[in-house]
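Below: one structure, written as structure tokens.
Please treat every number below as a calculation from the coordinates, not as lab data. Keep in mind the model is a prediction, meaning the values are calculated, not measured. Cβ: placed from backbone, ideal geometry, glycine included. Neighbour counts: every protein chain shown.
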Amino acid sequence: MNIYNPKDLQSHITELYLPLRKKPQNSQKKKKVIVLAGPTGVGKTELSLSIAKILGGEIISADSMQVYKDMNVGTAKVSEDARDKIPHHLIDTKEIHESFNVSEYYREAHRACREILLKGKVPIVVGGSGFYIHAFLYGPPMGPPSNMEIRKNLEKTLHEMGPEPLYEKLKSLDPEYAKTITPNDKHKIIRALEIISITKQKVSQIPKPKINQEPLYNFRLWFLYYPKEILYEKVNERCDQMIEKGFIEEVEKLDEKGLKNNYSASQAIGYRQCLTYLHSKQTVDDKIAFIDEFKKASRKYVKRQFTWFKKEPHFRWLNLQEIDPQKAKEFILQDYEQSM
């Protein structure tokens with residue numbers, strides 16, 4: 001983790017990526033791509049729009065749920081008005097009944113990146129999904145394309161019996177990989193069993209992308225944050241605001257369209273808790289329990305985001321309590337202009 005010191009901008013720019021700064025074989029400068037990551041509620045959207053306006057940029061979403069149409073309030077999707085002014089990619093590209101995974105994200109995000117650069121614009125990748133951003137930077141996890149029939153059967157078992165039986169099955173088939181995850185990692189359990197079923201090969205035997213390989217672009221990587229205690233308060237307020245903006249009604253409409261049949265989308269934070277509430281008696285106590293679980297899940301996600309990005313070696317961290325968003329924008333812009 002790189003804690004960013006605003007007093008030492010130039011030396012920090014020079015030191016960043018030293019192990020990766022080999023000259024490309026064609027000796028041409030690499031195109032620069034800005035990546036703005038950070039936990040839920042930190043203000044990534046507002047900052048990215050401001051930077052895109054100044055640099056002539058276009059934004060590529062790194063949010064696993066914003067690809068779905070009508071999942072608007074619960075994903076804090078950027079407004080249509082803002083999208084009219086600043087082009088956005090990987091937003092509203094899928095119907096709720098369609099699947100979407102990290103391999104598709106990698107392909108679509110890099111396609112968007114190439115198109116933006118060909119237009120002479122600046123790609124700005126924005127999001128809080130560490131898994132998706134990691135894939136964008138280093139390539140998606142190795143493995144075969146998803147098999148919808150196998151996946152649906154696994155998801156049905158998960159829904160009916162919970163994750164424990166599937167996790168036990170994974171332990172028997174690939175104990176080495178099972179040790180790296182927990183019974184609560186539902187997505188990873190399903191994907192692992194899917195890979196084993198398709199390939200007849202252990203997940204632990206499949207090669208992983210190399211994070212020290214020569215990067216395709218000159219990535220300018222930033223992690224924006226507030227101290228956790230401040231973010232937790234922001235997240236609680238954000239959940240209340242989403243409910244005021246019609247989040248429950250949004251989930252109700254999506255439920256009618258078959259949200260529950262899309263395992264990934266139906267398990268998204270807020271949506272899962274709201275579906276449980278909608279299928280309850282919807283008493284006052286049920287609603288209080290829903291809101292409490294919504295906030296608790298959101299806070300846990302913030303904690304996981306911090307944990308994930310601490311393992312990402314090349315991101316520079318900007319504490320927005322010490323450096324206000326305006327000053328942070330100036331640092332990011334200066335870095336973009338001065339970087340090789």
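Quick notes on this one:
- For the options Ser99, Ser61, Ser172, a Gaussian network treatment of the chain with springs between C-alpha atoms closer than 10 Å singles out Ser172 as fluctuating the most.
- The label-point distance for Ile150 and Lys121, in a model that sets each label 7 Å from Cα toward Cβ, rounds to 3.8 nm.
- Within the stretch 53-90: backbone nitrogen closer than 19 Å to the Glu256 label point (7 Å, Cα to C-beta): 69-74
- Choice from Glu95, Glu250, Glu229 showing the highest fluctuation, given a GNM over the chain with Cα pairs closer than 10 Å: Glu229
- Cα-based shape type of the stretch 210-300, given that a ≥ b ≥ c are square roots of the gyration tensor eigenvalues and the cut on a/c is 1.5: oblate
- Two-site FRET efficiency, Glu337 against Glu80, from Cβ-Cβ distance with R₀ of 45 Å, rounded to 0.05: 0.90
- Debye intensity ratio in log₁₀ form over the Cα atoms of the chain, taken at each q of 0.10, 0.12 Å⁻¹: -0.65, -0.94
- Proportion of all alpha-carbon pairs of the stretch 148-205 beyond 13 Å (%): 53 percent
- Site pair Arg107 and Glu160 shows an inter-label distance of 3.2 nm when each label is modelled 7 Å from Cα along Cα→Cβ.
- Applying 0.36 nm per residue to the separation of Glu244 and Lys179 and subtracting their alpha-carbon distance, the gain on full extension is 19.2 nm.
- The simple Förster model, with R0 at 25 Å and r as the Cβ-Cβ distance, assigns Ser99 and Ala289 a FRET efficiency of 0.25.
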